[in-house]
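J.: If you scroll down you'll find the structure; I have some questions about it.
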Amino acid sequence: MRWVNRRIRRGNRILLGAIPILLLVLLYLVIAAGRHAANPNDKILPLPGGMAEGMSALLFQPDQLSGQFIFWADTFASLQRLGMGLGISTLSALLVGLLLGVLPPVRATFGPLVTGIAVIPPIALLPILFIAFGLGETAKVALIVIGIAPFMIRDVAAHIAALPREQIVKAQTLGASSWQLMLRVALPQAMPRLIQAVRLSLGPAWVFLISAEAIASDIGLGYRIFLVRRYLSMDIILPYVAWIALLAIAMDMLLTWASRRLFSWAHGEEH
């Protein structure tokens, strides 16, 4: 059987996906062990024992000033900002995407504006956001929204606009109004695409969050990474980066599960 026609079972997919990750971990351990054999005080590639020792205080010992467990406080603060940014962006993509996708006059009027905002590098707007909203939570959430919402809006709108014209004609033949077309025809077919857009936006959303926290924050995963980098504390930076990756993977898996559970018809043979 040709490789293009092969279908991989779920268990085999997990195994095949784990192999490259395990190889990378093994390669890291080999290189780190070699560096520590040459220099026991090497800080660039810490061994697992060193990372566990460096993280133990952040995980299990409350901070003397705030009384918080720093690692979990950082995680909660970052997830709260990320959740607000993703929530606002998702709602905006759904509402604006429906209007742009279903109503050609609205698309002709506001489509260029959305495109123009989408092509502006969001990081370039960060100083403006800090000036306009201050150094609090609003600016950080706004950066995430500005960074991912226009892309999500364009993706959802393009998907809706590309729906077969026959569906629109048949709905109007049955007496459907423009609002009914949005709610009964476009909305159900837009939801799987919206979840896909959120999944694709997770990476950029984390980038904007970490950038905002690194510049102006006193708590958060990005803030902690950039705080300890001046001490070359790779025993803390690497676990934090790995934790961010695990959180992102968990969110992606949750969205994938929800899409397949709620909209199994949109996944075909993958379901």
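J.: From the list Arg35, Arg10, which residue is touching an Asp or Glu at 6+ places or on another chain (Cβ under 7 Å), without any contact (Cβ under 8 Å) to a residue 24 or more places away in the chain, of a type outside the set (A, V, I, L, M) and open to solvent by 80 Å² or more (accessible area, probe 1.4 Å)?
T.: Being touching an Asp or Glu at 6+ places or on another chain (Cβ under 7 Å), without any contact (Cβ under 8 Å) to a residue 24 or more places away in the chain, of a type outside the set (A, V, I, L, M) and open to solvent by 80 Å² or more (accessible area, probe 1.4 Å) holds for just one of Arg35, Arg10, which is Arg35.
J.: While we're here: What's the number of the condition Arg81 fails, among (1) within 16 Å of the chain's Cα centre (by Cα); (2) within 24 Å of Met234 (Cβ to Cβ); (3) basic (Lys, Arg)?
T.: Looking at each condition in turn, Arg81 falls short on (2).
J.: Yes or no: Ser211 touching a Leu at 6+ places or on another chain (Cβ under 8 Å), buried (at least 16 other Cβ atoms within 10 Å of the Cβ) and among the hydroxyl-bearing types (Ser, Thr, Tyr)?
T.: Against the criterion (touching a Leu at 6+ places or on another chain (Cβ under 8 Å), buried (at least 16 other Cβ atoms within 10 Å of the Cβ) and among the hydroxyl-bearing types (Ser, Thr, Tyr)), Ser211 qualifies.
J.: Identify the single condition in (1) open to solvent by 10 Å² or more (accessible area, probe 1.4 Å); (2) farther than 29 Å from Gln80 by Cβ; (3) in contact (Cβ under 8 Å) with a residue 60 or more places away in the chain that Ala186 does not satisfy, given that it satisfies every other one.
T.: Answer for Ala186: the failing condition is (1).
J.: Taking into account only those residues within the range 126-138 that are open to solvent by 40 Å² or more (accessible area, probe 1.4 Å) and of a type outside the set (D, E, K, R), which is nearest to Ala216 (Cα to Cα)?
T.: Checked the range 126-138; the qualifying residue nearest to Ala216 (Cα to Cα) is Leu135.
J.: Further question: Being within 26 Å of Gly67 (Cα to Cα), charged (D, E, K, R) and either touching an Asp or Glu at 6+ places or on another chain (Cβ under 8 Å) or without any contact (Cβ under 8 Å) to a residue 40 or more places away in the chain (or both) is the filter here; which residues of the range 189-224 pass it?
T.: Residues satisfying the conditions are Asp218, Arg224.
J.: Is it the case, given these coordinates, that Pro150 is without any contact (Cβ under 8 Å) to a residue 60 or more places away in the chain and open to solvent by 40 Å² or more (accessible area, probe 1.4 Å)?
T.: Considered against the rule, which asks whether it is without any contact (Cβ under 8 Å) to a residue 60 or more places away in the chain and open to solvent by 40 Å² or more (accessible area, probe 1.4 Å), Pro150 comes out as no.
J.: Still on this structure, I have one more. If you scan the range 214-255, which residues turn out to be of a type in the set (D, E, K, R), more than 16 Å from Leu82 (Cβ to Cβ) and surrounded by 15 or more Cβ atoms within 10 Å (Cβ to Cβ)?
T.: Asp235
J.: Filter the range 166-183 down to the residues that are open to solvent by less than 80 Å² (accessible area, probe 1.4 Å), more than 26 Å from Arg261 (Cα to Cα) and either modelled with pLDDT of 95 or more or among the hydrophobic types (A, V, I, L, M, F, W, C) (or both) and list them by number.
T.: Ile168, Val169, Ala171, Ala176, listed by residue number.
J.: Working only within the range 64-81, note down all residues that are more than 22 Å from Ala212 (Cβ to Cβ) and either in contact with a helix residue (DSSP H, G or I) (Cβ under 6 Å, 6 or more places away or on another chain) or surrounded by 14 or more Cβ atoms within 10 Å (Cβ to Cβ) (or both).
T.: Phe69
J.: With (1) modelled with pLDDT of 90 or more; (2) out of contact with any strand residue (DSSP E or B) (no Cβ under 9 Å at 6 or more places or on another chain); (3) surrounded by fewer than 19 Cβ atoms within 10 Å (Cβ to Cβ); (4) under 30 Å from Leu238 (Cβ atoms) as the list, and Ala108 as the residue in question, which single condition is left unmet?
T.: Here Ala108 meets the rest and fails (4).
J.: Here is a follow-up. I need a count of the residues in the range 38-54 that are in a helix (DSSP H, G or I) and either surrounded by fewer than 12 Cβ atoms within 10 Å (Cβ to Cβ) or in contact with a Phe, Trp or Tyr (Cβ under 7 Å, 6 or more places away or on another chain) (or both).
T.: Going residue by residue through the range 38-54, those that are in a helix (DSSP H, G or I) are 38, 48-54.
Right, trim to either surrounded by fewer than 12 Cβ atoms within 10 Å (Cβ to Cβ) or in contact with a Phe, Trp or Tyr (Cβ under 7 Å, 6 or more places away or on another chain) (or both) and you get 38, 49.
Residues meeting the conditions: 2.
J.: Something else now. Cβ-Cβ below 8 Å, separation at least six or inter-chain, first residue in the range 51-62 and among the aliphatic types (A, V, I, L, M), second open to solvent by 40 Å² or more (accessible area, probe 1.4 Å) and not in a helix (DSSP H, G or I): which pairs?
T.: Leu58/Phe69; Leu59/Phe69
J.: Here is a follow-up. Being in contact with a Gly (Cβ under 9 Å, 6 or more places away or on another chain), under 16 Å from Val96 (Cβ atoms) and not hydrophobic (A, V, I, L, M, F, W, C): is that true of Ser211 here?
T.: The answer is no for Ser211.
The values are calculated or read from the model by the stated rules, or taken from the named source; none is laboratory data. Given the structure is predicted, the values throughout are model-derived calculations rather than measurements. Cβ: placed from backbone, ideal geometry, glycine included. Neighbour counts: every protein chain shown. Just the protein is used for accessible areas: all its heavy atoms, side chains included, with ligands, DNA and RNA removed. Shrake-Rupley method; radii C 1.70, N 1.55, O 1.52, S 1.80 Å.
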